[in-house]
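Sending over a structure as structure tokens; questions will come in a sec.
The values are calculated or read from the model by the stated rules, or taken from the named source; none is laboratory data. Just so it is clear, the model here is predicted, and its values are computed rather than measured. No Cβ is skipped: glycine too gets one built from the backbone with ideal geometry, and neighbour counts run over all protein chains shown.
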Amino acid sequence: MKNVNAVTTTLPALAAVRPTFASVAESELDAVHRYLLFLTGNRAVAEDLTGETFEKAFRSWRRFDPRRGTPRAWLCRIARHVALDHFRSEERRQRREERYAVGVAEVEEPAWGEGALGLGLPELSPAEREVVALRVLLDLDGPTAARLLGISQTACSTRLSRALKRLEEMMSNARV
Amino acid sequence: MPASETVDFEREFEELVRELRELPSEAPPAVRERVRALGEPAPRRVFFPQLTWRRATLVLVPACAVALVAAAAIHGLVSSSKNTNHLAADVARKQPSQPQRELGQKTLGSSGAAQSGGTPTTQVFGALVAPNVRAPAIPTPNPVRHQDYEADLRLRVKDLDTLGQKTAQAMRVTQQLGGYVASLSQSSTAGQPGEADLVLRVPVAHVTDAMVRLSALGTVLEQHVSIVDLENTVQQQRQRIRALRLQIVRITAALQQPGLSADERLRLQFQLDDARRNLSNATGQNKATLREAALSRISLSLTTQSPIAPAKKHHKGFFGRATSSAFDFLAGAGAIAVAGLIIISPLLVLGGLIFWGVRSYRRREAQRLLGTT
């Protein structure tokens with residue numbers, strides 16, 4: 001039987017409601033941190049970049065348009081730019097340091113613990129971890145994730161499938 | 001597809017996905033505090049509704065189109081009303097009103113009055129008359145003065161048969177008015193327009209009547225009238241004749257005096273002969289002038305030449321002219337837009353290439369940094 005009292009609300013109408021920055025930050029902080037943790041593979045860096053991401057989002061909050069996407073996707077886009085900037089500066093720093101401190105390896109704390117998953121995740125490339133984070137942890141749909149990554153939906157699906165398969169293989173190898 | 005795909009990877013890697021979601025990845029309290037400390041950004045003062053590119057395009061393009069059409073409509077209305085005024089002015093120029101014609105005749109009259117001063121005055125009335133337009137008023141000579149009246153009249157007749165008939169009719173008219181045909185030349189070659197040139201001498205007293213009747217023989221193509229006042233010349237000639245007659249009388253009287261020597265008599269006789277000869281010449285000149293003033297000279301040309309068809313004007317109504325003008329305006333605006341597009345298209349292409357290049361470079365760099373191939 002059809003429920004005549006059901007209120008149907010269209011997606012654009014919901015999206016058009018502009019939330020406050022504080023509420024968005026409160027609800028999306030863990031998701032952004034999780035994304036950056038997967039992208040960088042480093043807990044300390046992820047914490048720094050999360051703070052930086054929200055500072056940047058705070059400054060450009062006026063430009064956020066709820067009609068064009070969810071706050072999560074918007075924040076992830078900012079986080080991605082912040083992370084890429086970090087990778088660039090890190091690359092420059094490493095190149096600079098390699099000239100003076102050849103052979104000195106950095107000791108990093110494992111981001112995901114010592115388990116099979118914790119050992120397998122660092123073996124994935126940042127791009128693979130990124131797509132896993134977006135699709136599995138942050139529950140972004142295919143088109144949104146593909147748009148954020150700047151690739152096609154097919155490429156996004158392929159990358160996700162390949163990453164999960166590799167991760168699964170590594171985990172099974174580690175368990176054996 | 002996304003939903004089924006999500007279901008697919010969640011089914012296929014069920015255990016892995018569960019483990020991934022169970023990983024501890026909450027933001028530490030320090031980061032949370034840092035973010036909370038940011039607070040709420042100051043609300044933006046919105047003077048105008050925020051327009052996206054798509055919305056701006058959806059609004060601006062129809063607005064520009066409506067504005068352009070409105071401008072074209074206004075231009076069409078304004079220019080068509082101007083055209084109406086121009087047409088009216090043209091008609092007024094080509095067909096002078098009755099008061100203007102009267103004014104022309106009065107001008108002639110006043111020139112006649114000026115001639116009474118004795119100064120020879122040339123009045124040339126030239127008119128290139130458009131076909132099918134009534135001949136303008138014919139200048140009339142002053143009946144109390146001696147004037148040399150010359151007129152050139154060019155008429156178009158229907159065909160060669162009519163040409164012959166009208167030529168004969170012109171000759172009859174001339175004879176009826178007491179004049180004569182000074183010369184006649186008629187040619188009618190096959191394939192060529194027929195021409196008849198007549199030089200008619202008509203008494204000045206009947207020249208107006210002659211001109212009216214001759215003008216009625218065909219369609220007036222051209223009409224030139226020239227009036228030269230001869231009154232002063234006639235008066236000078238008469239004074240000279242009087243002086244010569246007086247001189248002859250004196251010489252004759254002198255010759256009749258007794259006691260003249262043979263030499264004096266011979267000299268007086270020579271003077272008398274000379275005066276008589278001069279008198280004869282002066283009288284002849286005077287007669288010629290009077291004859292010239294008595295008979296007008298009308299050069300009549302009859303032709304079968306087809307009129308040069310004037311450019312056919314489509315006489316549209318006000319709405320038609322306005323629409324046509326509006327379309328012309330729109331076409332002009334379109335031409336300007338196309339020209340502008342042609343000018344800026346290289347810049348657009350260059351800008352697009354730069355944008356595409358930068359985007360590709362950044363994407364490749366991101367792929368490199370994230371370790372994708």
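Mind checking which pairs have a first residue in the stretch B:267-289 that is in a helix (DSSP H, G or I) and a second that is surrounded by fewer than 16 Cβ atoms within 10 Å (Cβ to Cβ), Cβ under 8 Å, 6 or more apart or different chains?
Taking only residues 6 or more apart or on different chains, the pairs are B:268/B:254; B:268/B:255; B:268/B:260; B:269/B:255; B:272/B:252; B:272/B:255; B:279/B:245; B:286/B:238.
Also: Of the numbered conditions (1) modelled with pLDDT under 85; (2) surrounded by fewer than 14 Cβ atoms within 10 Å (Cβ to Cβ); (3) among the hydrophobic types (A, V, I, L, M, F, W, C), residue B:336 fails exactly one; give the number of that condition.
Checking residue B:336 against (1) modelled with pLDDT under 85; (2) surrounded by fewer than 14 Cβ atoms within 10 Å (Cβ to Cβ); (3) among the hydrophobic types (A, V, I, L, M, F, W, C), the one that fails is (1).
Looking only at the stretch B:299-318, decide whether some residue is modelled with pLDDT of 85 or more, in a helix (DSSP H, G or I) and crowded, with 16+ Cβ neighbours inside 10 Å.
Looking for residues that are modelled with pLDDT of 85 or more, in a helix (DSSP H, G or I) and crowded, with 16+ Cβ neighbours inside 10 Å, one finds none in the stretch B:299-318, hence no.
So, one more: Restricting attention to the stretch B:6-25, report how many residues are over 17 Å from residue A:121 (Cβ atoms) and modelled with pLDDT of 80 or more.
Counting residues in the stretch B:6-25 that are over 17 Å from residue A:121 (Cβ atoms) and modelled with pLDDT of 80 or more gives 1.
If you don't mind, another one. Just a yes or no: is a residue in the stretch B:48-56 part of a helix (DSSP H, G or I), at pLDDT 80 or above and more than 30 Å from residue A:33 (Cβ to Cβ)?
yes
Determine which member of the set B:205, B:210 is within 46 Å of the chain's Cα centre (by Cα), part of a helix (DSSP H, G or I), buried (at least 20 other Cβ atoms within 10 Å of the Cβ) and of a type outside the set (Asp, Glu).
Only one candidate passes the filter, namely B:210.
Going by what's in this entry, would residue B:42 be described as more than 8 Å from chain A (Cβ to nearest Cβ), loosely packed, with under 10 Cβ neighbours inside 10 Å and at pLDDT 80 or above?
Spelling it out, residue B:42 is indeed more than 8 Å from chain A (Cβ to nearest Cβ), loosely packed, with under 10 Cβ neighbours inside 10 Å and at pLDDT 80 or above.
Working carefully through the options B:243, B:196, B:254, find the one that is surrounded by 14 or more Cβ atoms within 10 Å (Cβ to Cβ) and at pLDDT 90 or above.
Only one candidate qualifies: B:243.
Here's something else I'd like to know. Quick check on the stretch A:119-136. Is at least one of its residues of a type in the set (Val, Ile, Thr) and touching a residue at least 40 places away in the same chain (Cβ under 8 Å)?
yes
Quick check, is residue B:219 of a type in the set (Val, Ile, Thr) and under 25 Å from residue B:297 (Cα atoms)?
Spelling it out, residue B:219 is indeed of a type in the set (Val, Ile, Thr) and under 25 Å from residue B:297 (Cα atoms).
Please count how many residues of the stretch B:161-193 are more than 25 Å from residue B:144 (Cα to Cα), buried (at least 20 other Cβ atoms within 10 Å of the Cβ) and free of Cβ contacts under 8 Å to residues at least 60 places away in the same chain. Quick ask: steps written out before the conclusion?
Taking the stretch B:161-193 first, the residues more than 25 Å from residue B:144 (Cα to Cα) are B:161-172, B:181-193.
So of that shortlist, the ones also buried (at least 20 other Cβ atoms within 10 Å of the Cβ) come out as B:163, B:166-167, B:170.
Among the residues that remain, those that are also free of Cβ contacts under 8 Å to residues at least 60 places away in the same chain are: none.
Adding up the residues that qualify gives 0.
Considering the stretch B:224-240 alone, what residues qualify as being buried (at least 21 other Cβ atoms within 10 Å of the Cβ) and under 13 Å from residue B:154 (Cα atoms)?
Selection gives B:225 alone.
Tell me, which residue of the stretch A:37-66 that is surrounded by 22 or more Cβ atoms within 10 Å (Cβ to Cβ) and farther than 23 Å from residue B:40 by Cβ is farthest from the other protein chains (Cβ to nearest Cβ)?
A:40
Here is a follow-up. On the basis of being polar (S, T, N, Q) and closer than 30 Å to residue B:174 by Cβ, does residue B:285 make the cut? Outline the logic, then answer.
Working: polar (S, T, N, Q): yes; closer than 30 Å to residue B:174 by Cβ: yes.
In short, yes.
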